[in-house]
Amino acid sequence: MTETPTLAEPLDVMIRLLSFEGKQNPYPLYEELRAHGDLVRLGETHLLAVGHEQISKALRHPVLLQTDAAMQDLRMPGWREHSSWVWLTRNMLFSNEPDHERMRRFFSSAFSAHSVAAFAPMVERLADDAVRHVGELGAGGAEVDLVEEFTYRLPIAVLGELLAIPEADLPGLHPIIAAITTSMDPVGDLAQLAPGDAAMEELAAYVTDLVATRRAAPGPDLTSAFIRALDGSDLTEQDLIANIMAVIVAGSEAPQDLLGNAVRIAVGDADLARRLTGEPRFVDRYLEEVLRWDPPVHALNRVASEDLEFFGEKVVRGSAVTLLVAAGNRDPKRFADPHRFDPDREGNQKQLTFSAGAHYCLGAALARLTAETAIPLLLRRLPGLKVVGSPGFRDQIVQRGHDRLPVTTG
Ligand code: HEM
């Protein structure tokens with residue numbers, strides 16, 4: 001008699017996914033979930049979306065809302081005691097209309113594709129500095145942590161220049177940003193928010209000081225421009241501070257993880273490294289495939305603001321709908337042979353990694369420009385770059401990436 005393999009219960013798969021080991025390689029676990037369908041019920045009030053179509057529709061659905069203050073009251077009673085979520089719900093990402101649109105309008109032109117194109121010379125200069133820095137540290141065969149010295153260093157240097165954050169402050173912001181991103185992971189107990197709460201308060205104090213300094217002595221930077229634009233706008237001082245905080249966190253951690261994954265994949269494959277340094281048109285396609293295949297963001301959340309039916313499932317008001325974008329990016333109905341890393345595949349830009357709908361990433365153009373500039377430059381200038389050992393991933397799933405990426409430069 002042949003044995004029929006039994007399907008693991010979705011809740012058991014989720015428990016394994018949320019373990020440290022699960023987060024090291026969640027992709028087989030997404031397939032265990034997909035075996036239950038594109039939309040998987042975890043309980044009365046919790047659904048998981050793993051299909052590309054379901055995630056894409058959920059992101060554009062008028063009743064599935066961001067976890068703003070009203071939605072958090074439904075999902076996470078007690079959150080108001082936690083500075084991490086108090087500040088998160090003040091920014092555009094964790095807001096719904098009309099507040100979201102009001103804040104997004106204020107900041108959007110600064111990060112539009114048109115504005116970002118003008119940042120190219122600055123990004124090239126900073127990428128050049130960061131590559132030189134890695135080369136100097138690695139001279140003589142020394143091991144270098146590419147996360148601290150390059151994949152964090154470059155995106156935060158770009159933000160530092162745009163927002164007028166003094167260079168000396170940039171390394172100190174890293175642990176603060178890292179702790180804040182842990183607040184977005186699922187928590188079993190609100191006490192787990194403590195590190196994120198403390199870090200959020202530090203960042204709020206830092207950005208409040210930055211705004212005061214630029215108000216007293218304005219310059220050609222975006223912080224000064226935002227302060228000037230505040231008068232006569234429909235934003236409050238607190239909105240300004242909350243959204244500058246969001247730009248600092250969102251604009252550093254995910255780009256860090258994209259750069260880390262893009263380097264790790266390229267240095268393991270001589271053909272990819274050769275094409276990245278010799279075929280300028282290949283670079284975008286490569287990065288789109290990295291964003292699809294091993295994305296920096298694995299999960300997003302939405303909450304049902306009313307009862308609805310979604311792909312045949314009854315969803316009651318207050319239900320959480322977790323969108324596993326990294327699973328959607330490997331949906332075989334959307335991408336042929338989805339587990340294969342193939343930068344030449346057609347349509348890899350249909351990946352869901354920058355979200356979709358109203359909250360589509362405000363910094364996508366800046367993230368792409370930074371990675372397109374940095375990756376070929378690093379590989380060209382340090383052709384002997386090698387990853388040492390098997391680097392692990394942080395104990396996080398919403399924002400997933402390497403905590404350390406030890407390399408030698410040859
Ligand atoms: C590879 C790099 C990046 C990735 C993967 C990424 C991913 C995302 C995702 C998935 C969302 C929407 C989340 C949701 O729908 O719930 C988002 C929103 C956002 N991102 Fe990014 N991001 C990246 C880089 C950046 C950068 C460089 C900035 C700096 C300006 C930035 C600023 C923002 C902001 C302000 C929002 C909120 C937009 C809104 O709510 O309308 N991101 N990002």
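Throughout, read-outs are computed from the coordinates displayed, never taken from laboratory work. Predicted model only: the values in this text are computed from it and were never measured. Don't worry about glycine lacking a Cβ; one is built from the backbone with ideal geometry, like all the others, and counts go over all protein chains shown.
Overall shape: oblate for the stretch 32-116, with the ratio a/c of the largest to smallest alpha carbon gyration tensor axis at 1.5 or above and b/c at least equal to a/b.
Taking only the C-alpha atoms, wrap a convex hull around the stretch 240-350 and report its volume per residue in Å³ as a whole number. Walk me through the intermediate numbers first.
On the way: hull volume 15.1 nm³, N = 111.
Cα convex hull per residue, to the nearest whole number: 136 Å³.
Placing a label point 7 Å from the Cα of Glu9 along the Cα-to-Cβ direction, the residues of the stretch 25-44 whose backbone N falls under 18 Å of that point are 32-37, 40-44. Based on DSSP H segments of at least four residues, each scored -39500 (n - 2.57), the chain has a per-residue ellipticity at 222 nm of -15500 deg cm²/dmol. Rg then Dmax, both in Å and based on the Cα atoms of the stretch 216-263: 14.4, 45. Shape index of the stretch 72-175: Rg/Rh, with Rg the Cα radius of gyration and Rh the Kirkwood radius from the inverse mean 1/r over Cα pairs, equals 1.10. For Phe310, the residues 5 or more places off, or on other chains, whose built amide H falls under 5 Å of its own are Val315.
Treating each Cα of the stretch 298-375 as an identical point scatterer and summing with the Debye formula, the log10 of I(q)/I(0) at q = 0.11 Å⁻¹ comes to -0.42. Each part gets one Cα centre, and for the stretch 355-410 versus the stretch 37-55 those centres are 29 Å apart. For the stretch 304-324 versus the stretch 100-144, the spacing of their alpha-carbon centroids is 38 Å.
Subtracting the Cα-Cα distance of Tyr360 and Gln192 from their residue separation scaled by 0.36 nm leaves 57.6 nm. For the chain, the C-alpha radius of gyration divided by 2.2 N^0.38 Å, with N the number of residues, is 0.98. Cross-link partners for Lys333 among the lysines, with Cα-Cα distance under 17 Å and sequence neighbours closer than 8 places in the same chain left out: Lys57, Lys350. Radius of gyration (Cα atoms) of the stretch 192-287, expressed as a multiple of 2.2 N^0.38 Å: 1.56.
Treat the count of other C-beta atoms within 10 Å as a stand-in for reagent exposure and order Ile227, Ile397 from fewest to most. Provide the component values of the computation, followed by the final result.
On the way: Ile227 17, Ile397 20.
Ranked by crowding around the Cβ, least crowded first: Ile227, Ile397.
A crude spin-label estimate for the pair Arg281 and Asn25, with each label 7 Å from Cα along the Cβ direction, gives 3.6 nm. Computed from label points 7 Å out along Cα-Cβ, the spacing between Ala139 and Ala229 is 4.3 nm. Within the stretch 148-173, list the residues whose amide N lies under 12 Å from a label point set 7 Å along Cα→Cβ of Ala217. Counting only backbone N, you get 166.
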